[in-house]
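Structure first, commentary second.
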Amino acid sequence: MNTELRDLREAVRGLVSHGGSWKRLCTEIGVAGLVIPERFGGLGAGLTEAGVVLSELGRELVPTPMLGSAVLAARAVLASGDEAVCSRLLPPIADGSSVAALAWTTSAGRWDPAETAFTVADGRVTGEAHYVLDGDVADILLVATDAGLYEIDPAYAGRTVTPAMDESRRLAVVQLDGVPGRRVGGRDASATLAAARDHACVALAAEQAGAAERALELTVGYTKTRVQFGRPIGTFQALQFRMADMRVLTESARSMWMAAASEGGDMLAAGAKVYCSEALLSVAAEMVQMHGAIGVTWEHPAHRYLKRAHGAALLFGSPDDHVTRIGLLTGEAGPPRG
């Protein structure tokens, strides 16, 4: 990690540790504009910088619109190639004054570019999308339809919050019944959706890696103070081996998302989503186990990391979905893992 990325990490970590709000993250650091080009009001940085921010937010499970608005929706707008829409929508997303949401997937939650939740007839949009990040608070609403990407006036949308396992991640159901919309880009949005999904997968992988890193830190700290049989449990070799495995997972997860962010490509995006999902699932499960009884109490944060692990693993497609996608990309598709 170079000096600029390290400085960005420390700035975000310092602000988060002092209870900094989303508004402060946007105004003082400019996090919402990292993946948006300068000509549209952004910083023109990239996915690596956004990943550093999300890794820090993931460490403390901070609920912000960074993933849903500043990465997923912003990338969808940019990938559409619609210059007029980009000029109108991206500047308020970049400065954090607006929150954007992309309503896309059905209740199956596959985030498949060929499978959209909405249909269009005579310019009116109908359907129901699930797992919409920031969908309940967004003032810019994009929907994926069988006739392309559409912008919908949020005042028309029926929106309800879906109870989620991870209480720090607000997901909404967006329902539309013959609502007028404006097309964004061309009639085929599959390439736009694929680009947005791949960007979001890498960003989510960074968030998962950050959560895993913090879960490991908390676990190591606990084993140094929890005494059993007259000695700290961290001195037991069996637990040391398990924590060493957790360390390998967290370090390799960080390497994986950073490689995917810097090199790009749908293969690495899918690989980062698979690896970082499974890394966080393993680390969070070990965190709960090594904390013992306190790890399953409401007061201790261990359960929050486990919930984040399970919820994030399914966001933007399950690990099995992406393993299948990797198989198709490489021509080595096989039977589902079981």
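FYI, it's all coordinate maths here, none of it is from the lab. These figures come from a predicted structure and were not determined experimentally. Positions of Cβ are backbone-derived with ideal geometry, glycine not excepted, and every protein chain shown enters the neighbour counts.
Some points to look at:
- Note on region 199-338: Rg/Rh from C-alpha atoms, Kirkwood Rh, equals 1.05.
- 5 Å-binned pair-distance histogram of region 31-167 (Cα, whole percent): 2, 10, 20, 22, 21, 15, 8, 2, 0, 0
- Sorting V16, V52 by the number of Cβ atoms found within 10 Å of their own Cβ, with the fewest placed first, yields V16, V52.
- Each Lys or Arg adds one and each Asp or Glu takes one away; over the other residues whose Cβ falls under 15 Å from the Cβ of G331, this sums to -1.
- Over the C-alpha trace of the chain, radius of gyration and Dmax come out as 20.3, 75 angstrom.
- Length-normalised contact order of region 191-330 in % [C-alpha pairs under 8 Å, at least 6 apart]: 30
- In this entry, region 271-311 is assigned a mean projected area of 2.5 nm², taken as a quarter of its C-alpha convex hull surface.
- Counted by Cβ distance under 14 Å from M1, the other residues give a net charge of -3, where Lys and Arg count +1 and Asp and Glu count -1.
- Calculated [222 nm] ellipticity per residue, helices only, for the chain: -16000 deg cm²/dmol; basis is -39500 (n - 2.57) per DSSP H run with n ≥ 4, divided by all residues, nearest 500.
- Local electrostatic count at D166 - Lys and Arg +1, Asp and Glu -1, tallied over other residues with Cβ under 9 Å: +3
- Footprinting exposure proxy for K224, K307, K273 (fewest neighbouring C-beta atoms within 10 Å first): K224, K307, K273
- Over the chain, relative contact order from alpha-carbon pairs under 8 Å, at least 6 apart, %: 16
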